[in-house]
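**Student:** Handing you a structure now.
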Amino acid sequence: DQEPDMANEDGDDDNMGGGETNGGDVGEHDRAAAKAPERLSLEELVSAPFPDLGSMKNEDLFENAADLAEAPEVFVPSFPQKRNEWWAVQNYVRLYSMNPIKRFVPVLKRHIQINQESFTQKFRKFGRPLLFRFENMRKAGFMMRSYTFDELQTMFPYDKTMDGRTFSQYRPNAKIESEEVDLGPGLAAIANDGQIVRKNGLRNFPRNMKVKTDSLRRLGVEWPPLMPSRWRQRPSLWMGTSTSGTAFHSDCCDNFIAMIAGTKRITLAPPSDFHLLTPRCVGKNKGLCYANIPEPNKPGVSSSHYNKMIVDVKPGEILYVPSGWFHHIENLGPTLMTNFWTFGKETCGVVSTSPRFY
């Protein structure tokens, strides 16, 4: 199930899309980055073996291990199964009851290298969100990089006084078959945190455009090598400004949010909070569920009754959002990102990993 093109009160919908706990770039994440050891060269990374993440202590794995240790555990409410609930809610309730997780998003240390096997066994298998970087997958062959907006505007030049393509190819939620997507008009539109504009079903910058990786060859976009290729949907291309965002919702499938430029603030809640957020589910298989709190960070909106977490995702970083996790998106100024969804409920980590663990 993919999200329809819907508008919320902050602008175009951005389908990515307790007390409050901050993870990601907050606090120790920034402090650790400032005192991080010298990075290994690509040759050193490739020659070293993949580490056994299961045998490593949190302080050896995560930049924010001290904050993670102090964070409270996700509280797991107990509700009888209801007819209208998302199909995997009870799976997550059992999983988190037997394998508690913290109300906090861990940040993988820069030098730790991951592949599909280690990622599945440590994170995906247990429904744990994770913030990591492009460089954490160099040994696995992942070469995608981030850019500044100055670099992007040089790569995709656009002169709006000479070119009238402002709305040329940005149809939201569309599957794009062109050989290459021209980002120039969109970059011009989001410069200086510009307003989103809707006209004849089109947008002045890309919104959930499903593209082939070849269509973004200049950006070097590629799927993170953490899922079997048969499970991979096309990447989705997004630009955003502070005038566009995403209502609080959950998706059917695992999601990797990869920031190319700019920063997004993402608010999370686990699938076990389903009945606390009383969502409205839509789509053929009811796999897209909108929480009853569209904007969880608005002043006066309480978060004391569910497991709220916040993480900022910066250029060169990826947030892994397990299937069914609620997420709300804010753009902290202009942004460019791609996200990667898997296909179907059989790819959901809570049911597809073997042996069963709950």
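Residue by residue, here is whether (1) in contact with a Pro (Cβ under 8 Å, 6 or more places away or on another chain); (2) under 19 Å from P235 (Cβ atoms); (3) surrounded by fewer than 24 Cβ atoms within 10 Å (Cβ to Cβ) holds:
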position	(1), (2), (3)
C289	yes, no, no
N297	no, no, yes
V301	no, no, yes
H305	no, no, yes
G316	no, yes, yes
H327	no, yes, no
E330	no, no, yes
G333	no, no, yes
L336	no, yes, no
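**Student:** Same structure again: Can you list residue pairs whose Cβ atoms sit under 6 Å apart, with the first residue in the range 192-209 being within 17 Å of I329 (Cα to Cα) and outside any loop (DSSP other than H, G, I, E, B) and the second being hydroxyl-bearing (S, T, Y) and open to solvent by less than 20 Å² (accessible area, probe 1.4 Å)? Count only pairs 6 or more apart in sequence or on different chains.
**Tutor:** Sorted first by the residue in the range 192-209, then by its partner, the pairs are D193/T241.
**Student:** Residue by residue through the range 81-138, note down the ones that are of a type in the set (A, V, I, L, M, F, W, C) and closer than 14 Å to G324 by Cβ.
**Tutor:** Correct list: W86, W87, A88, V89, V93, L95, I101, F126.
The rows are residues; the columns are (1) open to solvent by less than 50 Å² (accessible area, probe 1.4 Å); (2) touching a Ser or Thr at 6+ places or on another chain (Cβ under 8 Å); (3) more than 30 Å from Q121 (Cα to Cα).
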| position | (1), (2), (3) |
| --- | --- |
| K160 | no, yes, yes |
| A174 | yes, no, yes |
| G194 | yes, yes, yes |
| R198 | no, no, yes |
| R207 | yes, yes, yes |
| S215 | yes, yes, yes |
| S229 | no, no, no |
| N255 | yes, yes, no |
| M259 | yes, yes, no |
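**Student:** Let me ask something additional. Identify the single condition in (1) closer than 22 Å to D312 by Cα; (2) at pLDDT 95 or above that N115 does not satisfy, given that it satisfies every other one.
**Tutor:** (1)
**Student:** Residues that are open to solvent by less than 10 Å² (accessible area, probe 1.4 Å) and either at pLDDT 50 or above or farther than 30 Å from K199 by Cβ (or both): find the helices (runs of 4 or more DSSP H) completely inside the range 1-98 holding 2 or more of those.
**Tutor:** Because the criterion is at least 2 residues that are open to solvent by less than 10 Å² (accessible area, probe 1.4 Å) and either at pLDDT 50 or above or farther than 30 Å from K199 by Cβ (or both), the helices (runs of 4 or more DSSP H) in the range 1-98 that meet it are 89-98.
**Student:** Looking only at the range 231-251, filter to residues that are out of contact with any helix residue (DSSP H, G or I) (no Cβ under 6 Å at 6 or more places or on another chain) and among the hydrophobic types (A, V, I, L, M, F, W, C); which one of those is surrounded by the fewest Cβ atoms within 10 Å (Cβ to Cβ)?
**Tutor:** Checked the range 231-251; the qualifying residue surrounded by the fewest Cβ atoms within 10 Å (Cβ to Cβ) is A247.
**Student:** How many residues are open to solvent by 10 Å² or more (accessible area, probe 1.4 Å) and assigned to a loop (DSSP other than H, G, I, E, B) when one looks only at the range 130-155?
**Tutor:** Total meeting the criteria: 9.
**Student:** Within the range 240-274, count every residue that is over 15 Å from the mean Cα position of the chain (by Cα) and within 21 Å of I190 (Cα to Cα).
**Tutor:** 4
**Student:** Then there's this: Anything in the range 261-287 that is of a type in the set (A, V, I, L, M, F, W, C), modelled with pLDDT of 95 or more and either closer than 16 Å to P77 by Cβ or open to solvent by 10 Å² or more (accessible area, probe 1.4 Å) (or both)? List them, or say none.
**Tutor:** Result: A269, F274, L276, L277.
**Student:** How about the range 227-239: which of its residues are over 14 Å from the mean Cα position of the chain (by Cα) and either part of a loop (DSSP other than H, G, I, E, B) or farther than 30 Å from K139 by Cα (or both)?
**Tutor:** M227, P228, Q233, R234
**Student:** Also, quick follow-up: Considering each residue of the range 101-122, count those that are under 18 Å from D67 (Cβ atoms) and either open to solvent by less than 40 Å² (accessible area, probe 1.4 Å) or of a type in the set (S, T, N, Q) (or both), and give that number.
**Tutor:** Of the residues in the range 101-122, 8 are under 18 Å from D67 (Cβ atoms) and either open to solvent by less than 40 Å² (accessible area, probe 1.4 Å) or of a type in the set (S, T, N, Q) (or both).
The values are calculated or read from the model by the stated rules, or taken from the named source; none is laboratory data. Quick caveat: nothing in here was measured; it's all calculated off a predicted structure. Virtual Cβ from ideal backbone geometry, glycine too; neighbours counted across all protein chains shown. For the accessible areas, the whole protein counts, side chains as well, though only heavy atoms, and no ligand, DNA or RNA atoms are used. Shrake-Rupley method; radii C 1.70, N 1.55, O 1.52, S 1.80 Å.
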